[in-house]
Amino acid sequence: MADNTQKMSYQAGETKGQAQEKASNLMDGAGNAAQSAKESVEGAGQQVRAKTQEAVEGVKNATGMNK
């Protein structure tokens with residue numbers, strides 16, 4: 001009887017450990033996805049700023065304000 005209880009306890013602990021590992025991997029994946037999204041948004045923002053600055057310079061040049 002004690003053998004069976006020990007075996008079940010061991011299996012429960014093993015299952016718990018596997019679940020914790022899977023949860024940790026999921027959280028790591030979510031963190032990586034969030035970081036990637038952040039970097040994409042930052043990159044897009046930089047592109048928008050650069051295009052806006054180009055447009056401002058174009059307007060200044062066209063109106064003679066850039067002299």
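Bear in mind these aren't lab numbers, they're just calculated from the coordinates by the rules spelled out. The model shown is predicted, which means the values in this text are computed figures rather than measured ones. Heads up, the Cβs are rebuilt from the backbone with ideal geometry, glycines too, and the neighbour counts pull from every protein chain shown.
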- Values of log10 I(q)/I(0), in the order q = 0.12, 0.15, 0.17 Å⁻¹, for the chain under a Debye, Cα-only, solvent-free model: -0.61, -0.72, -0.77
- Message: Can you give the FRET efficiency to the nearest 0.05 for Gln18 and Ala44, using r as the Cβ-Cβ distance and R₀ = 30 Å?
- Response: 0.15
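By how many nm would the segment from Gln35 to Gln53 lengthen if fully extended, with 0.36 nm per residue of separation less the alpha-carbon distance?
3.8 nm
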- Query: Expressed as an acute angle from 0 to 90° and rounded to the nearest 10, what is the orientation of the C-alpha long axis of helix 2-63 relative to the principal long axis of the chain?
  - Reply: 0
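Under 26 Å between alpha carbons: how many lysine pairs meet that in the chain, if sequence neighbours fewer than 8 apart on the same chain are excluded?
Pairs that pass both the separation and distance tests number 6.
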